[in-house]
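Structure, as structure tokens:
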Amino acid sequence: MSTPAGELPLLALEQVTRRYTLPRERLLQPAPGVDALRGVSLTLRAGHNLGIVGESGSGKSTLARIAMALEPPSSGRVLFGGRDLNALAPGELRAARRDFQMVFQDPYSSLDPRQRVGRIVAEPLPVGEADAVGRVAEALEAVGLRASDATRHPHEFSGGQRQRVAIARALVTRPKLIVADEPVSALDVSVQAQVLNLLVDLQQRFGMTYLLISHDLAVVDHLCEEVVVMRGGEVVERGASDEVLRAPQHAYTRALVSAASTLGA
Ligand SMILES: Nc1ncnc2c1ncn2[C@@H]1O[C@H](COP(=O)(O)OP(=O)(O)OP(=O)(O)O)[C@@H](O)[C@H]1O
Ligand SMILES: [Mg+2]
């Protein structure tokens with residue numbers, strides 16, 4: 001997972017911590033808090049998908065939100081293409097966001113039911129984008145929907161189709177990085193493989209890189225060259241997916257792997 005000298009990583013987290021402080025119940029008591037991330041460092045190289053695995057509550061979604069600059073770290077830095085995202089001016093960050101987009105777990109809550117699909121997919125495009133209609137049509141077709149679907153509302157689509165809409169929205173700016181947090185776990189098992197294959201096809205076609213969060217080790221094994229294993233807000237193991245998932249060094253990873261009956265080999 002080290003980066004060859006001279007090659008700037010696409011994304012780097014440097015010693016990122018995130019503490020959530022909960023409302024203080026009584027004065028004079030220290031405010032209870034949760035350390036969702038504790039000194040997480042990782043790098044993602046262009047073209048090398050990175051999977052994040054770990055039990056529920058290990059900090060995976062927090063990591064995703066911080067990597068996307070949806071919230072700031074309590075300490076540490078998030079560098080995208082070498083630029084510290086949390087040091088950018090609001091306008092610079094808005095422009096930078098076109099290069100990294102996110103796909104969320106639940107395609108029901110992540111799409112505004114009142115908006116038409118065309119409007120939803122166009123949302124990340126810059127205001128005044130001359131060819132918004134064309135870009136939206138292209139993105140919809142790339143995910144296997146029709147350009148005419150732009151006039152429909154999310155409730156007219158199945159779960160799998162909605163996740164395709166969410167992927168089209170992530171794709172519309174032609175980002176360099178897509179962070180996908182459990183992108184298929186809310187979907188019917190019968191459509192999970194279709195959506196995963198779509199992600200693979202889109203990468204071949206458009207060349208973006210994925211940061212993929214999944215509790216399903218088989219999914220990470222299939223899509224990601226490298227994997228980071230998290231527990232309690234810390235990275236406990238990292239390396240090539242082949243090696244980590246087949247010959248885990250850490251007892252926690254071994255427990256995850258033996259619990260995942262679907263992983264072949
Ligand atoms: N906004 C928040 N406020 C307070 N605590 C939070 C917040 N978001 C996350 N946490 C806490 O931080 C820890 C990590 O949560 P996170 O959602 O990142 O885990 P996760 O690995 O994504 O879990 P899952 O697999 O269930 O999605 C948990 O203890 C969680 O309760
Ligand atoms: Mg999560």
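No lab work stands behind these numbers, since they all come straight from the coordinates. Predicted, not measured: the structure shown is a model, and the values here were computed from it. Cβ coordinates were reconstructed from backbone atoms using ideal geometry, including for glycine residues, and neighbour counts include every protein chain displayed.
The figures follow:
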{"item": "Contact order normalised by residue count of the chain, Cα under 8 Å, 6+ apart, percent", "result": "24 percent"}
{"item": "Sites matching trypsin sites (Lys or Arg not before Pro) across the range 125-230 that sit in DSSP coil, with at most 16 neighbouring C-beta atoms within 10 Å", "result": "ARG146, ARG152"}
{"item": "Karplus 3J(HN,Hα) series, Hz, for the range 172-181 with 6.51 cos²θ - 1.76 cosθ + 1.60 (x for Gly, Pro)", "result": "5, 8, 6, x, 8, 10, 10, 9, 10, 9"}
{"item": "Cβ charges +1 (Lys, Arg) and -1 (Asp, Glu), total dipole of the range 110-256, debye", "result": "400 debye"}
{"item": "Under 5 Å, built H, 5+ apart or other chain: amide partners of VAL184", "result": "none"}
{"item": "Residues with amide H under 5 Å from that of GLU237, placed H, sequence gap 5 or more", "result": "VAL229"}
{"item": "Kirkwood Rh in Å, taken over the range 144-265 so that all alpha-carbon pairs contribute", "result": "15.9 Å"}
{"item": "Amide H contacts of GLY144 (H built 1.01 Å from N, under 5 Å, at least 5 apart or other chain)", "result": "none"}
{"item": "DSSP-defined antiparallel bridges as percent of all bridges, the chain, nearest 5", "result": "55 percent"}
{"item": "Beta bridges per DSSP with both ends in the range 137-265, % antiparallel, nearest 5", "result": "55 percent"}
{"item": "The range 39-110: relative contact order as a whole-number percent, Cα under 8 Å and 6+ apart", "result": "17 percent"}
{"item": "For the range 140-146, 3J(HN,Hα) per residue [Karplus equation, 6.51 cos²θ - 1.76 cosθ + 1.60, θ = phi - 60°, Hz, x = Gly/Pro]", "result": "4, 5, 4, 9, x, 9, 9"}
{"item": "Hull volume in cubic angstrom per residue (convex hull over the Cα atoms of the chain)", "result": "159 Å³"}
{"item": "Normalised contact order of the range 157-256, rounded percent, pairs of Cα under 8 Å and 6 or more residues apart", "result": "21 percent"}
{"item": "Counted charge near HIS215, where neighbours are those whose Cβ lies closer than 9 Å (Asp, Glu -1; Lys, Arg +1)", "result": "-2"}
{"item": "Lys, Arg +1 and Asp, Glu -1 on Cβ, resulting dipole of the chain about Cα centre, debye, nearest 20", "result": "600 debye"}
{"item": "Distance (nanometres) between label positions extended 7 Å along Cα→Cβ at ALA260 and ARG94", "result": "4.0 nm"}
{"item": "Local electrostatic count at ALA36 - Lys and Arg +1, Asp and Glu -1, tallied over other residues with Cβ under 15 Å", "result": "+1"}
{"item": "Dipole magnitude (debye, nearest 20) for the range 127-199, charges at Cβ of Lys, Arg, Asp, Glu", "result": "80 debye"}
